[in-house]
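Engineer: First, the structure itself, so that you have it in front of you.
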Amino acid sequence: MSEGPHRDLTVLGIETSCDETAASVVTWVAGARPDIRSNVVFSQIEEHAAFGGVVPEIAARAHVEALDGIVEAALADAGVELAEIDAVAATAGPGLVGGLIVGLMTAKAIAAAAGKPLIAVNHLEGHALTARLTDGLGFPYLLLLVSGGHTQIVLVRGVGDYERWATTIDDALGEAFDKTAKLLGLPHPGGPSVETAARSGDASRFSFPRPMKGEARPDFSFSGLKTAVRQAATAIAPLSDQDVADISAAFQVAVTDALADRVSMALTRFNATFLGIGSPALVVAGGVAANARIREALEVLCARNGFRFVAPPMKLCTDNAAMVAWAGIERLIAGLTVEDAMVLAPRSRWPLDTVSAPVIGSGRRGAKA
Ligand code: KG4
Ligand code: ZN
């Protein structure tokens, strides 16, 4: 951790960019491990389950109903009064705009009432900096973000200093799991359903494509695979449980293989860029990082390439507000807060890396990270 003007900082974080309503209090004391004093997450999964995906209007309403209580719970769990915090940090994007408005407005109201500064946090930066909160990781490192809305490989050089090396040109990886599950009649969220079904499946029964594998372009693509899965399922419909298990297993093997190919390329690039760096590291974030098979493949890849594999605990890998509070702390320490945060509007799209060209077709769901 770099030296900053403060000796200790306590920040209240608020996260509402998708289907988790979350609040957290994190304290940083110079020279000590940061302390996650509370981390309250209310998942709306059940509210969206019947629709096979996140419904923006339902999400926004659920955030309105839950947020005040979640903030109160986060302060109470931490044993902190509003007067004791140094700042309020809230996710201002990217995400579903209804939820972002609820979170940002609430944060502004709290900040104004308590006379504290507001820090508008990029949700992706929250994911990117989590490994420093949990593992004290030093810069630079690579981040693989694999969630329902994003599939990116990002070079994390410093606070506010990111370079996106790869992104998806169509579906996000979590989205591919969710769509496959829906197609196979498995419950939402699709990732865990497909992973469970795959356990009793024979992956060799189907040979699905490995999109982008071996291509010089570093990006991801999953929509061709989705089409192949649909065609295979249609050809043998109606599907038995064994059919569903076999397709799930073959799908999982294909995405793991495709992902590993893309990540392997990024590790090579990192090593070439930072020749002789002491301990290169790959950090994973996002719900898909819960997948045991994918994790295992990444671990093997990292070991083979001399990379440390950093997987923060799942509750900090998926959407949470501790990462938002922490990003706020990092920004305060680095002196990277903006004066006019109180008048900032939420941004449904907000790339971490403003230099990389937008990728045609990416982020159609565009919201979740
Ligand atoms: O990061 P996350 O909790 O929420 C956002 O997308 O913001 O990620 C959720 C995504 C969903 O698409 C879900 O299906 C996927 O992560 N996921 C998984 C697994 N658990 C969750 N995908 C594959 N295998 C899993 N075990
Ligand atoms: Zn996220």
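Engineer: Please find, among Pro192, Pro211, the residue that is in a loop (DSSP other than H, G, I, E, B) and out of contact with any His (no Cβ under 9 Å at 6 or more places or on another chain).
Structural biologist: Pro211 is the lone residue from the list that is in a loop (DSSP other than H, G, I, E, B) and out of contact with any His (no Cβ under 9 Å at 6 or more places or on another chain).
Engineer: Restricting attention to the range 123-165, which residues are of a type in the set (S, T, N, Q) and surrounded by 24 or more Cβ atoms within 10 Å (Cβ to Cβ)?
Structural biologist: Hits for the range 123-165 are Thr130, Ser147, Thr151, Gln152.
Engineer: Pull up the range 281-316, narrow it to residues that are in contact with a strand residue (DSSP E or B) (Cβ under 7 Å, 6 or more places away or on another chain) and farther than 30 Å from His188 by Cα, then point me to the one that is surrounded by the fewest Cβ atoms within 10 Å (Cβ to Cβ).
Structural biologist: This residue is Arg308.
Engineer: For the range 294-312, indicate whether the set of residues that are within 16 Å of ligand 1 (Cβ to nearest atom), small (Gly, Ala, Ser) and either at pLDDT 95 or above or under 19 Å from the mean Cα position of the chain (by Cα) (or both) is non-empty.
Structural biologist: Within the range 294-312, one or more residues are within 16 Å of ligand 1 (Cβ to nearest atom), small (Gly, Ala, Ser) and either at pLDDT 95 or above or under 19 Å from the mean Cα position of the chain (by Cα) (or both).
Engineer: State yes or no: is Gly306 in contact with a helix residue (DSSP H, G or I) (Cβ under 9 Å, 6 or more places away or on another chain), in a loop (DSSP other than H, G, I, E, B) and of a type outside the set (Ser, Thr, Tyr)?
Structural biologist: When the stated conditions are applied, Gly306 passes them.
Engineer: Please work out which one of (1) outside the structural domain of Val26 (by TED's automatic domain parsing); (2) under 30 Å from Leu275 (Cβ atoms) is the condition Leu129 fails and give its number.
Structural biologist: All conditions pass for Leu129, except number (1).
Engineer: Can you tell me which of Gly224, Gly185, Gly158, Gly191 is of a type in the set (Gly, Ala, Ser) and modelled with pLDDT under 95?
Structural biologist: Gly224
Engineer: With the condition kept exactly as written, say whether any residue in the range 322-339 is within 13 Å of ligand 1 (Cβ to nearest atom), under 28 Å from Leu267 (Cβ atoms), modelled with pLDDT under 95 and of a type outside the set (S, T, N, Q).
Structural biologist: no
Condition check ((1) away from ligand 1 (no atom under 16 Å from the Cβ); (2) within 21 Å of Asn305 (Cβ to Cβ); (3) within 24 Å of the chain's Cα centre (by Cα)) across all residues:
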| site | (1), (2), (3) |
| --- | --- |
| Arg230 | yes, no, no |
| Val244 | no, no, no |
| Gln252 | no, no, yes |
| Ala260 | no, yes, yes |
| Thr273 | yes, yes, no |
| Ile277 | yes, yes, no |
| Pro280 | yes, yes, yes |
| Val288 | no, yes, yes |
| Ala292 | no, yes, yes |
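Engineer: For the range 263-289, give me the residue count where each residue is under 20 Å from Glu195 (Cβ atoms) and part of a helix (DSSP H, G or I).
Structural biologist: The total comes to 4.
Engineer: Turning to a different aspect of this structure: Can you confirm whether the range 133-146 contains a residue that is within 14 Å of Ala89 (Cβ to Cβ), more than 12 Å from ligand 2 (Cβ to nearest atom) and in a loop (DSSP other than H, G, I, E, B)?
Structural biologist: no
The values are calculated or read from the model by the stated rules, or taken from the named source; none is laboratory data. Since the model is a prediction, treat every value here as computed from it, not as a measurement. Methodologically, a virtual Cβ is constructed for each residue, glycine included, from the backbone with ideal geometry; neighbour enumeration extends over all protein chains shown.
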